[in-house]
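The values are calculated or read from the model by the stated rules, or taken from the named source; none is laboratory data. Just so it is clear, the model here is predicted, and its values are computed rather than measured. Cβ atoms come from the backbone with ideal geometry, glycine included; neighbour counts cover every protein chain shown.
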Amino acid sequence: MLTNRKYEVFGNSWPLLRKIPVLRFLLPFSAGILWADAVDWQVRGDWMIPVLILQFIFCLSLLAFIKAGFRRRHVFGLLLQVVLLVQGFSWCILNKHAGRPLHFTRYENVKYYSGKLSTTLRERPKSFRGQIEINAVYSEGSWKPAEGKLLTYFKKDSSQHLEYGSAILFKAKPDLFSLQDTSVFVKLFIRRQIYARAYVNQVLKLPSSTQMLSFSEMAVDCRIAICKKLQEQMGNTQEAAIAVALLVGEEISIDDEINAAYAATGTLHVLSVSGMHVGLIFFLLSFLLKPLMNHQYGKHVYYPLVMLLIWLYAFIAGAAPSIIRASTMCMFFLIAKWIDRKNQGFGALGASLFFILLVNPLNLYEPGLQLSFFAVWGIIWLQRPLIRLWVPKKWWLYKTWEMTCVSLAAQIMTLPVSLLYFGQFPNYFLLANLVVIPITTICIYGFILQLIVSPLTCIAEWVTIINTYLLKCSNAIVMEMQHWPGAVSHWKIYMADAIMLYLFIACLENWLRTKRFDMLLRLLILLNGFTLIRIIQQV
């Protein structure tokens, strides 16, 4: 027995950790990120180097304890947690830009800024909003190298000629965000490493470089080409703007009124590329490439090709954290099928989140990633228990109930995060999603067909007419539903409230599944605790 357990270096653990092993890595790494954000240290070489040396020593110790085998499994587990905790902490600190010596906010008496437009411009009522990667500043009579991101509002008359990747020269007085500001807007930009904003009246576009485009720049060019083609086919209409948002996630000029209507009905998620969109592309690719599986070695072409095309779509659609999460989960699912291994939903979800945090630990604070993560968690965890509550005999009724349970499970798990960030709850989300999701699903496939048949003018026109009509129906439905009585409930909560709500959901699920009396007592305790917190907050 001892020889079989020699390499069980973790030893006994909680059932949850045995079921989802990736949590052993994800939890301490995430705790390190939260620790780094709480202390808010800045990058300094005099203490970062000793931290990294200490971490290297811990890693060498891990190798020694692996050879010790089962007898030292607890020490190995503890050391591994410490290494991951310190790694999350140091990696988060190193990804913060504010403390870097070349950050543009550290220069004084800056007259001119030089940089590169790193996003496409988004139209506002009186300006265009974009993000600039600063590369140099003109200060004290000379140009000096600089770095950092600047949120910029361009005057409409001066920015018509700007596009993604444009090298620009401009004069501005950046307004620094206050680190003590508690507003969600400011905290979100600070965690995206944007510490200032500026309004630019005049801008000079510099000659473009002749060097080869990077992969990300080619992906953006492809996205812009798709946007222009759809707008050319559908005209400068709101339906064209929604089509672009549905297919490639580019929210160019969607009216605030339409955005508010989709938000009020709980269907705003369809207007930004996320897991649903990646899933639809995955199903389309799987269907089109399925004949490859009929060949002897076809799977060695099928699975890599599907993964490659999914990642290509992810980068074209902007590679937001929620898109990367969905693409990573698809990749893990395909790899498991490729090597004939069992795929676990929670394991793939945790592994995808760990991968995203390794790329950029500050993605942990992205609202889009949090909503995407909890929505998928809810679908994996709660969908089947909800379906078992009622099993209709008719096929169409069962499919309707199945779709309802998916929406309900996702909404339950995203409820605390949604209330935390937006302070409102769409009461008709179930009905709205039952109508809007099928329409937008047909539209997404319709837009792909519209682009494919665009050389065939006659067919493309008919496809465009059908897609436009479907989007008009979707818009009309959400615009009407937002005015129904009690369409939106406003409820502002804080972090402590959100944590209590998640604990309440976990205990409720456990009680419904096991009918244990102690779980009912925990539910009552949590309910009383939540009520007490709300009373204290209002005093």
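For CYS507, the conditions (1) without any contact (Cβ under 8 Å) to a residue 24 or more places away in the chain; (2) surrounded by fewer than 17 Cβ atoms within 10 Å (Cβ to Cβ) all hold with the exception of (2). None of ILE448, ILE442, ILE459, ILE437 is at pLDDT 85 or above, over 23 Å from the mean Cα position of the chain (by Cα) and within 21 Å of MET479 (Cβ to Cβ) except ILE442. Flag: GLU217 does not match the condition of being of a type in the set (Asp, Glu), under 20 Å from the mean Cα position of the chain (by Cα) and under 23 Å from TYR153 (Cα atoms). Regarding GLY141, is this residue under 24 Å from the mean Cα position of the chain (by Cα) and more than 30 Å from TYR494 (Cα to Cα)? No, not satisfied.
Out of the residues in the stretch 188-234 that are among the basic types (Lys, Arg) and over 30 Å from TRP462 (Cβ atoms), which is modelled with the lowest pLDDT? Here the residue is LYS205. Of all the listed residues (ILE93, ILE132), the sole one being under 24 Å from SER214 (Cα atoms) and not aromatic (Phe, Trp, Tyr) is ILE132. Any idea how many residues of the stretch 487-539 are aliphatic (A, V, I, L, M), modelled with pLDDT of 80 or more, under 17 Å from MET413 (Cα atoms) and outside any loop (DSSP other than H, G, I, E, B)? Selection size over the stretch 487-539: 10.
Residue-wise test of (1) of a type in the set (A, V, I, L, M, F, W, C); (2) outside the structural domain of ILE442 (by TED's automatic domain parsing).
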residue: GLU461; (1), (2): no, no
residue: ASN467; (1), (2): no, no
residue: SER474; (1), (2): no, no
residue: LEU512; (1), (2): yes, yes
residue: ARG516; (1), (2): no, yes
residue: LEU532; (1), (2): yes, yes
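Just one residue in the set ILE442, ILE477 is over 20 Å from GLY279 (Cβ atoms) and touching a residue at least 24 places away in the same chain (Cβ under 8 Å); that residue is ILE477. If you go through the stretch 147-188 and keep only what is of a type in the set (Val, Ile, Thr) and without any contact (Cβ under 8 Å) to a residue 40 or more places away in the chain, you end up with THR182, VAL186.
Report whether or not LYS290 is surrounded by 13 or more Cβ atoms within 10 Å (Cβ to Cβ) and of a type in the set (D, E, K, R). Taking the combined requirement at face value, the residue does not satisfy it.
Whether a residue is crowded, with 20+ Cβ neighbours inside 10 Å, modelled with pLDDT under 80 and small (Gly, Ala, Ser) was assessed, and SER159 passes this test. In this structure, does ILE310 turn out to be among the β-branched types (Val, Ile, Thr) and either surrounded by fewer than 15 Cβ atoms within 10 Å (Cβ to Cβ) or in contact with a Lys or Arg (Cβ under 6 Å, 6 or more places away or on another chain) (or both)? Judged against the criteria, ILE310 is not a match.
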